[in-house]
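The values are calculated or read from the model by the stated rules, or taken from the named source; none is laboratory data. These numbers were taken from a predicted model, which means no experiment stands behind them. Because the Cβ atoms are built from the backbone with ideal geometry, glycine has one as well, and the counts that use them run over all protein chains shown. Please note that ligands, DNA and RNA were not included when accessible areas were found on the heavy atoms of the full protein model with its side chains. Shrake-Rupley method; radii C 1.70, N 1.55, O 1.52, S 1.80 Å.
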Amino acid sequence: SGESGAGKTESTKLLLQHIMNLCKGNSQLEQQILQVNPLLEAFGNAQTVMNDNSSRFGKYIELRFQKNTVRGAKLSEYLLEKSRVVQQDTGERNFHIFYYMFAGLSSEEKEMYGLLDPSLYRYISGQFGTWDVAQRWKHKYQEVCNALDMVGFQEQEQVDMQAILAGVLSLGNVTFEPEESSGSVKVSEASRGWLRAAAVMDVLSQLVCCVPCSPWSPSVSCCCSLCADARDSIAKVAYGRVFGWIVCKVNELLAENVDPEVELREIGILDIFGFENFAVNRFEQLCINLANEQLQHFFNHHIFQLEQAAYKEEELPWETITFKNNEPILNLLLAKPLGLLSLLDEQSAFPQATDKTFVDKLNSSFKGNVHFQPGRGRVLGFSIIHYAGKVQYTAGGFLEKNRDTLPANIRGLFINSVTPLVTSLGSCFGVGKQFTLEKIAHRALAVLWLAGLLTFLCPHQHSLMVLMERMYSANPHFVRCIKPNSRKEPGVVDSQVVLLQLRYNGLLETIRIRRDGFSWRPSFEEFAER
């Protein structure tokens, strides 16, 4: 764990390499496992203002061993930031893979996928990079292709996958205009070419053309906005499904091939997005910071509560070490029926509710709560005093993102596609029921995709509840990553930035309990043998 940019993903890669080296083997499986991280980075990481290679999802890697030999691996992913596909803030980029494709594909391949100059695409904000950066991306693209080959993806699967990604980019340039004769909405003449370029989505025009105005949206301008929302929904779903399919495919290829009767030992590595506090913090930052609140609580529970309880049980002379307990913050967010998430679900259920009515409800419910502050100024929002500090959230879009509604006929569009991979992605839409934000949060670690049905990109994926149970039943080791400076510069240590992290992580108290406590606790059997 640690802040965004503190080195969690790099530490995970080093830890995996170390474990593979300790196995003293050089099997194909071990090499495949090492290729998984760079593959997922390309599709799940992006540049943010805090980190040039920021994980926009959480991952849990299980390694399974028999007699000190790796026999298989399994990957679970959580909370992919799908909204990044359609919108990025100033100084940020879309997921790496889009830029790698532009830099790495040949002219013939770009023509095959219908890709034009990157400056034309709205979903990547018309941004690309310098020649040096493009060369680095070209090298990265080749690494991704090598990783796909090494892990075992078929050539046609790779072609279909890139066709979908190219289609997503083209889809973002589709715009809408009123159909004067019928009072409905149609794809604008200027963007017809983009719709054809997104032909991997085949019958998209059935969804986005000629949408009649309804009683809920009486104006044509509102209908245009609804069509744009539907377009963005398709793009987010398509990308999220591709990412989930990659994870499922990796799990198929890395599954252990051993007798089910054989008991395997496991090492699990949880690499999750770090605490974030940007100039503008949205729904996604609340999800990420809530997950970090839960991890901090788990750390406190294990390091302080369980350890001191063991000393008291054995009646050792011990002066209790106090620590900063973040339970009140979790109660503010997760309590029923008046926690922030419960209130968000409640407001999401009302068609007439708005982000403003949601904020008004928060202001009245949490008046006087020391961990909540009403928004100030003209921007609709509120502030939460997290364990790592105060974060001001912009409330615009909270209800929409929590509902994560999709037009009912999207599933049919995917299933009827002529591209096999699109069809298989669409067939997952019926899996599972609609989960509300609050139900997921109370059932799990709150490593949450607070958006409902699309949480579970693969029916066989570990539920968050299983992850929580495993963390509490395992023997955890904590790797606390400390960010040396806020300028993304190597070799520079800002002592104030470091000290702030040591304080809010509770590491000063941890040092004290390690110094005063009993850090080595062998069993009687181990002691006698030694």
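Residue pairs exceeding 26 angstrom between C-alpha atoms, taken from Lys8/Lys336; Lys8/Lys74; Lys336/Lys390: Lys8/Lys336.
Applying 1/(1 + (r/R0)^6) with r as the Cβ-Cβ distance of Leu264 and Ala528 and R0 = 25 angstrom yields a FRET efficiency of 0.25. In the stretch 244-285, a dipole from Cβ-located charges (positive for Lys and Arg, negative for Asp and Glu) runs towards its positive end, and of Phe275, Gly244, Val262 it is Phe275 whose Cα lies farthest in that direction.
Surface composition of the stretch 88-202: carbon plus sulfur atoms hold 49% of the accessible area, using a 1.4 angstrom probe and ignoring ligands, DNA and RNA.
In this structure, the amide hydrogen of Gly381, modeled 1.01 Å from its nitrogen in the peptide plane, lies closer than 5 angstrom to those of Gly375, Ala395, counting only residues at least 5 positions away or on a different chain.
So, with +1 on the Cβ of K and R and -1 on the Cβ of D and E, and no other charges, what is the size of the charge dipole of the stretch 231-301 about its Cα centre, to the nearest 20 debye?
Details: 6 positive and 11 negative charges, 117 e Å.
Once rounded to the nearest 20, the dipole reads 560 debye.
Counted by Cβ distance under 15 Å from Glu157, the other residues give a net charge of -2, where Lys and Arg count +1 and Asp and Glu count -1. Taking θ as phi - 60° and the Karplus parameters 6.51, -1.76 and 1.60, the scalar couplings of the stretch 48-57 work out to 10, 5, 9, 7, 6, 9, 7, 5, 9, 7 Hz in sequence order, x denoting glycine and proline. Work out the FRET efficiency for Ser364 and Glu327 from their Cβ-Cβ distance, taking R0 = 22 Å, and round it to the nearest 0.05. Calculated transfer efficiency: 0.40. Computed over protein heavy atoms with a 1.4 Å probe, the accessible surface of the stretch 53-94 works out to 30 Å² per residue. Put a plus charge on the Cβ of each Lys and Arg, a minus charge on the Cβ of each Asp and Glu, and nothing anywhere else: the dipole of the stretch 1-152 about its Cα centre is then about 600 debye.
Close amide-amide hydrogen proximity is noted between Asn45 and Arg56, His96, each under 5 Å apart and 5 or more residues distant or on a separate chain (H modeled in the peptide plane; Pro and chain starts excluded). A simple rule links phi to the HN-Hα coupling: the Karplus curve 6.51 cos²θ - 1.76 cosθ + 1.60 with θ = phi - 60°, which for the stretch 257-270 gives 10, 9, 4, x, 6, 6, 8, 9, 8, 10, 10, x, 10, 9 Hz, with x for Gly and Pro. For the stretch 353-362, putting each phi into the Karplus relation 6.51 cos²θ - 1.76 cosθ + 1.60 with θ = phi - 60° gives couplings of 5, 10, 4, 5, 5, 5, 5, 4, 5, 4 Hz, in residue order, rounded to whole numbers and with x for Gly and Pro. Net length available on complete extension from Gln158 to Ser181 is 3.9 nm, with 0.36 nm assigned per residue and the Cα-Cα distance removed. Each of Thr357 and His18 was given a label point 7 Å from its Cα along the Cα-to-Cβ line. The distance between the two points is 5.3 nm. Multiplying the residue separation of Lys488 and Gln31 by 0.36 nm and removing their Cα-Cα distance gives an extension gain of 161.5 nm. For Gly172, the shell of other residues with beta-carbons less than 11 Å away shows a net charge of +2, using +1 for Lys and Arg and -1 for Asp and Glu.
For Val185, nonlocal amide neighbours, meaning residues 5 or more places apart or on other chains whose placed amide H falls under 5 Å from its own, are Glu179, Cys210, Val211.
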